[in-house]
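The values are calculated or read from the model by the stated rules, or taken from the named source; none is laboratory data. Source: prediction; values computed, not measured. Cβ placement follows ideal geometry from the backbone for every residue including glycine, while neighbour counts extend to all protein chains displayed. Quick note on the areas: whole protein, heavy atoms, side chains included, nothing else; ligands and nucleic acids left out. Shrake-Rupley method; radii C 1.70, N 1.55, O 1.52, S 1.80 Å.
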Amino acid sequence: MKKVIANWGNYPAMESDERLFSYDDQLQDIIRNSPTFIPRGNGRCYGDASLAGETLNTLKYDKILSFDTENGIFECQSGLTLDQILEVVVPKGWFLPVTPGTKFITVGGAIGSDVHGKNHHVDGTFGQHVVDMDIILADSSMITCSPSVYPDLFEATCGGMGLTGMITRIKFKLKKVPSSYIKQKQLKAANLDELIRLFEEYKHYTYSMAWIDCLQKGKSFGRGIMTIGEFAKPEELNESQRKAPLALPKKKAITIPFNFPSWILNTFTVKAFNFLYYNKNVNKEINNVVTYEPFFYPLDALLHWNRCYGKKGFVQYQFVLPLAAKEGLVDILRRIGAKGMGSFLVVLKVFGKQEDNLISFPFEGFTLALDFPVRKGLFEFLDELDAVVLKYGGRLYMSKDARMKPEMLKAGYPRLEEFKSIVRKYNPDGKIRSVQSDRLELTK
Amino acid sequence: MPTVLILGAASDMAVAIAKKYASKGFNVQLAARNPSRLQALQSDLNIRYNINCTLHEFDALNYESHQAFFDRLAPKPDQTICVFGYLGDNETARTNWSESAKIIHTNYTGAVSILNVVSNYYASQKSGIIVGISSVAGERGRQSNYLYGSAKAGFTAYLSGLRNRMFHENVHVASIQPGFVYTAMTANMKLPPLLTAKPEDVANTVFKAATKKKNTVYVKWFWRWIMLIIKSVPEFMFKKLKL
Ligand SMILES: Cc1cc2nc3c(=O)[nH]c(=O)nc-3n(C[C@H](O)[C@H](O)[C@H](O)COP(=O)(O)OP(=O)(O)OC[C@H]3O[C@@H](n4cnc5c(N)ncnc54)[C@H](O)[C@@H]3O)c2cc1C
Ligand SMILES: NC(=O)c1ccc[n+]([C@@H]2O[C@H](COP(=O)([O-])OP(=O)(O)OC[C@H]3O[C@@H](n4cnc5c(N)ncnc54)[C@H](OP(=O)(O)O)[C@@H]3O)[C@@H](O)[C@H]2O)c1
C-alpha cells in the first residue's frame, strides 16, 4: 500500500509502495513482478538509501534459523533486528561482533551499510564477521555467497546499500563475552588535542568513542568526553550483578510523542545542552560498571528522539579523514562554530585499518558524525564542508547521506568504478535502485 | 509442558499467536496447507523460547482428512486455536459459485468439520480449550462482504452452541471477534489506524480469553460498542447505507 515514508532523519520523505513478506516464495513472487525496488530494513539509515517508489520491507522476515551456542554461530533471516538477537544470545554468553549506536536495525541493514561500532579499530565492520549469506538477485534467482564463493558479490553487498540484491539469509559469528556488563571509563578532555591524545593512549581498549562540544572556542576548542570500555569479568561485578552476570538489561524507554517545533533547536539550546553534558561529569575520570545498554545504545532509551529536530527533519553528516589530517578536523569544527550550526550529537571515533575495502565507509583515521536540522543555507554549507573533507583526503558515509553530489562519492571511493561494474553484473537493468543510488549515479 | 495446536498457522495473526503461546512455555503444533514454508518459524520458536515446535499438514477444505489429521497428533493438544479464514472477493463471488463456496467452506464448513473432531475428543477427556477466530463482519451483513460475513456469522453461532454443549464437559470455548487487523488479508485496504489492531493484540486477546475463560472477546474493547451501534440501526435505514 502506498504511504509516505522517511528514514531516521525524516529527510527526505516520500510516497512509497512498501511491501512486506514473510516467506521466500512470497518474496520471489514480489521480486519477479516488481518493475523496480530497493530493500528496506528498519529505516535507521538517515537519508535516502532505503527510499524509493517501491520498497521491499524485511521486518516481517525475521526468523532465527540456527544458533550454535558452543561456537557462537548465528543464522537468521535478514529482517531480524539486533535488539531481538541480543535477547537470545546474551543470556548464553555471546554478543554481536559489531554493533552501531542503535540496536533497532536489521541484520540486512547491518550488511547493506557494513556498519561499524566502537570497536572498529579492533574488530572491523559487521561484514567481516559474516560466514555466508543468500541473496536474491534482480532476476529473482538466489545465490549463496561468502568471502570465497562469489567473492565479488559478497564484497559489493557489504556496504553496497542494497544495490546488488535482497539479502535473505545470513550466517555470522558472534563474540564471546564474560558478562553482559561493561567496565567503562569516562575521561574528560579540555580540548581537541587532549581528546586525540587520549585516543592514542587508550587505543588498546576494545571499545572507544568520544563526544565533542562543537561550540567551544579558544583553549576549550573541541573539548569533550571520551568513553572507553571492556566487557566486565565476573570478578569485576558487584555482588548483585554477580548473581546473574549474563542478565539482560531491564527495558525502559521514553517515547518522544511528537515533532518538536524547529525553533527549539538553536545555538543557545545546543550550548546549554553541551554545557550540562560536559559538566555532569564533575570528575576528570569516572570508572564504573554498567549494563551494555547505556554503553552501546544511550539514545535508544529515547524512542523517536529524531522528532526533537522537528518536521523538516535533519541530516547527519559523517566523514572520515586520514590520521595525518588532524588539521582537517580542526578546520571543519571551526567552520561549524563560525556558522553557529551547532549540533547536539557530535561523535568522534578513530577507525582502524580496513583491509581490501571495496565500498565500505571506514578507513584508518578520524571519523566525526554531526546532526544538522534542515534549514535554509544548510545544503550550501555542507557542500562547503564536502570540499574540505576532499581536500584532506576524506569521504562521507553513504548510510547517513541524503544530499552529496555524485562527484563527491567518486572522489572519496577509489574503487567506485569496480563496485559499479559488479552492481551492473548482478543488477544489470538497475531494477534494484533507490533515490540515493539514482542521485549518486550508481544505477543511472 | 502444555501443547497448543494452531490451525492455519501461516498467517500474521497465527504467527503472533504462536509466539505468544511459545513465550508462555507451550509446545506449539503448527498446522497449515504447506507446512514446509513454516520451517523458519519452527526453528525460530524453538531457539527463542526453548520449546518444541512441530509442523503438520492440514487443509480446512479436505474434510475427510480431519479425523486422521487429529488422530496422528501426538501428544494431543491441550488447546486448539482455529485461525484460518478466507476473505475472498465478494463481487466475484456474486456470480462465481466456486468463489462463494470457497468463502463459505473455508470460514464455516471447514472450521465446523475440524472443530467437531477436536471437541469430541476434548469431551471424551473432560478437558481442553478451543478458541475460534471469527469476525465482527459476522454480526451484520453488509453489501461489500456479506458472503464472508454470513460464513463468519455461521461460525460465531456454531462457537456459541459449542460453548454451551462443552460447558457441561468441562471444556471451554472462546470466540474472538476482531475488528480491523493489520495483516496480509488487509494489506491493500486503507484502515483507520485508531480502530485497527495489530496481530499481537489479537494474540494477547486469544491467550487471555483462553486462560481467563472468557466467552466472547472483541479485540480492542470499543469494537463491542461499535457493533452494538451498527446492530441497532433499523433495517429499513441500514439497507439504504453503502457499507
Ligand atoms: C541512533 C543511530 C545510531 C547509529 N549509529 C551507527 C554507528 O555507530 N555505526 C554505523 O555504521 N551506523 C550507525 N547508524 C546507521 C545504521 O546502523 C545503518 O544505517 C543501518 O544500515 C540501518 O539499518 P536498517 O535495518 O534500519 O536498514 P535501512 O536503513 O532500512 O537500510 C539501510 C541500507 O541497507 C540496505 N538493506 C536493508 N536491508 C537489506 C537486505 N535485506 N538486503 C540488502 N540490502 C538491505 C538498504 O537498501 C539501505 O541501503 C546509526 C543509526 C542511528 C539511527
Ligand atoms: N485481518 C482482519 O482485519 C481480520 C478481521 C477479522 C477477522 N479476521 C480473521 O482472522 C483470521 C486470520 O486472518 P488474517 O487476516 O491473518 O488472514 P490471511 O492473511 O488471509 O490468512 C488466512 C490464513 O488462513 C489460511 N487458510 C486459508 N484457507 C485455508 C485452508 N483451506 N486450509 C488451511 N488454511 C487455510 C491461509 O493459509 P495459507 O497461508 O496456506 O494460504 C492463511 O494462513 C481469519 O479467520 C480471518 O477471517 C481477520
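Exactly one residue out of A:THR58, A:THR106 is within 7 Å of ligand 1 (Cβ to nearest atom), over 15 Å from the mean Cα position of the chain (by Cα), β-branched (Val, Ile, Thr) and more than 21 Å from A:ASP371 (Cβ to Cβ): that is A:THR58.
If you check B:ILE176, B:ILE229 for being open to solvent by 100 Å² or more (accessible area, probe 1.4 Å) and either β-branched (Val, Ile, Thr) or touching a Lys or Arg at 6+ places or on another chain (Cβ under 6 Å) (or both), only one passes: B:ILE229. On inspection, A:GLY124 passes the criterion of being of a type in the set (Gly, Ala, Ser), over 12 Å from the mean Cα position of the chain (by Cα), more than 7 Å from ligand 1 (Cβ to nearest atom) and modelled with pLDDT of 95 or more.
The set of residues in region B:199-213 being more than 18 Å from B:GLY138 (Cβ to Cβ) and touching a residue at least 24 places away in the same chain (Cβ under 8 Å) consists of B:PRO199, B:GLU200, B:ALA203, B:ASN204, B:PHE207, B:ALA210, B:LYS213. Taken together, A:ASN33, A:ASN57 contain a single residue that is away from chain B (no Cβ under 14 Å), surrounded by fewer than 24 Cβ atoms within 10 Å (Cβ to Cβ) and free of Cβ contacts under 8 Å to residues at least 40 places away in the same chain, which is A:ASN33.
It is to be established whether one or more residues within region B:116-128 are touching a Gly at 6+ places or on another chain (Cβ under 8 Å), away from ligand 1 (no atom under 16 Å from the Cβ) and open to solvent by 10 Å² or more (accessible area, probe 1.4 Å). Yes, some residue in region B:116-128 is touching a Gly at 6+ places or on another chain (Cβ under 8 Å), away from ligand 1 (no atom under 16 Å from the Cβ) and open to solvent by 10 Å² or more (accessible area, probe 1.4 Å).
Could you figure out which of (1) open to solvent by 30 Å² or more (accessible area, probe 1.4 Å); (2) on the phi < 0 side of the Ramachandran plot isn't true of A:GLY393? It fails just one condition, (2).
Take the conditions more than 9 Å from chain A (Cβ to nearest Cβ) and either among the polar types (S, T, N, Q) or away from ligand 2 (no atom under 14 Å from the Cβ) (or both) and apply them to B:ILE17. Does it pass? Spelling it out, it is not the case that B:ILE17 is more than 9 Å from chain A (Cβ to nearest Cβ) and either among the polar types (S, T, N, Q) or away from ligand 2 (no atom under 14 Å from the Cβ) (or both). Taking region B:83-115 as the range and being hydroxyl-bearing (Ser, Thr, Tyr), part of a helix (DSSP H, G or I) and open to solvent by 30 Å² or more (accessible area, probe 1.4 Å) as the test, the residues that pass are B:THR92, B:THR95, B:SER98, B:TYR108, B:THR109. In region B:145-154, of all residues being open to solvent by less than 40 Å² (accessible area, probe 1.4 Å) and touching a residue at least 40 places away in the same chain (Cβ under 8 Å), the one that is nearest to the other protein chains (Cβ to nearest Cβ) corresponds to B:ASN145.
Condition check ((1) more than 21 Å from A:SER113 (Cβ to Cβ); (2) touching a Pro at 6+ places or on another chain (Cβ under 8 Å); (3) modelled with pLDDT of 95 or more) across all residues:
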position: A:LYS271; (1), (2), (3): yes, no, no
position: A:ASN306; (1), (2), (3): no, no, no
position: A:GLY328; (1), (2), (3): yes, no, yes
position: A:ARG334; (1), (2), (3): yes, no, no
position: A:LYS349; (1), (2), (3): no, no, yes
position: A:LEU358; (1), (2), (3): no, no, yes
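One line per residue, one yes/no per condition, for (1) within 16 Å of ligand 1 (Cβ to nearest atom); (2) in contact with a helix residue (DSSP H, G or I) (Cβ under 7 Å, 6 or more places away or on another chain); (3) within 14 Å of another protein chain (Cβ to nearest Cβ):
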position: B:ALA137; (1), (2), (3): no, yes, no
position: B:GLY141; (1), (2), (3): no, yes, no
position: B:THR156; (1), (2), (3): no, yes, no
position: B:MET166; (1), (2), (3): no, yes, no
position: B:ALA187; (1), (2), (3): no, no, yes
position: B:PRO199; (1), (2), (3): no, yes, yes
position: B:VAL206; (1), (2), (3): no, yes, no
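Just to be sure I understand, how many residues within region B:47-56 are open to solvent by less than 70 Å² (accessible area, probe 1.4 Å) and more than 9 Å from chain A (Cβ to nearest Cβ)? Of the residues in that region, 6 qualify. On the stretch given as region A:51-94, residues that are over 30 Å from A:LYS2 (Cβ atoms) and part of a helix (DSSP H, G or I) total 8.
Looking at A:GLY47, A:GLY43, A:GLY117, A:GLY79, just one residue is in contact with a Pro (Cβ under 9 Å, 6 or more places away or on another chain) and either in the same structural domain as A:ILE143 (by TED's automatic domain parsing) or surrounded by fewer than 23 Cβ atoms within 10 Å (Cβ to Cβ) (or both), and that residue is A:GLY117. Checking each residue in region A:310-324 for being open to solvent by 10 Å² or more (accessible area, probe 1.4 Å) and farther than 22 Å from A:GLN436 by Cα picks out A:PRO322, A:LEU323, A:ALA324.
Checked against (1) surrounded by fewer than 22 Cβ atoms within 10 Å (Cβ to Cβ); (2) more than 11 Å from ligand 1 (Cβ to nearest atom); (3) in contact (Cβ under 8 Å) with a residue 24 or more places away in the chain, A:GLY101 passes all but condition (2).
Here's the yes/no breakdown for (1) within 14 Å of ligand 1 (Cβ to nearest atom); (2) crowded, with 23+ Cβ neighbours inside 10 Å; (3) touching a residue at least 24 places away in the same chain (Cβ under 8 Å); (4) outside the structural domain of A:GLY72 (by TED's automatic domain parsing):
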| site | (1), (2), (3), (4) |
| --- | --- |
| A:VAL130 | yes, yes, yes, no |
| A:LEU137 | yes, no, yes, no |
| A:SER148 | no, no, no, no |
| A:GLY159 | yes, yes, yes, no |
| A:GLY162 | yes, yes, yes, no |
| A:MET166 | yes, yes, yes, no |
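Pairs please, first residue from region B:158-169 and open to solvent by 40 Å² or more (accessible area, probe 1.4 Å), second anywhere and of a type in the set (D, E, K, R), Cβ atoms under 6 Å, 6+ apart in sequence or on different chains. Taking only residues 6 or more apart or on different chains, the pairs are B:GLU169/B:LYS126.
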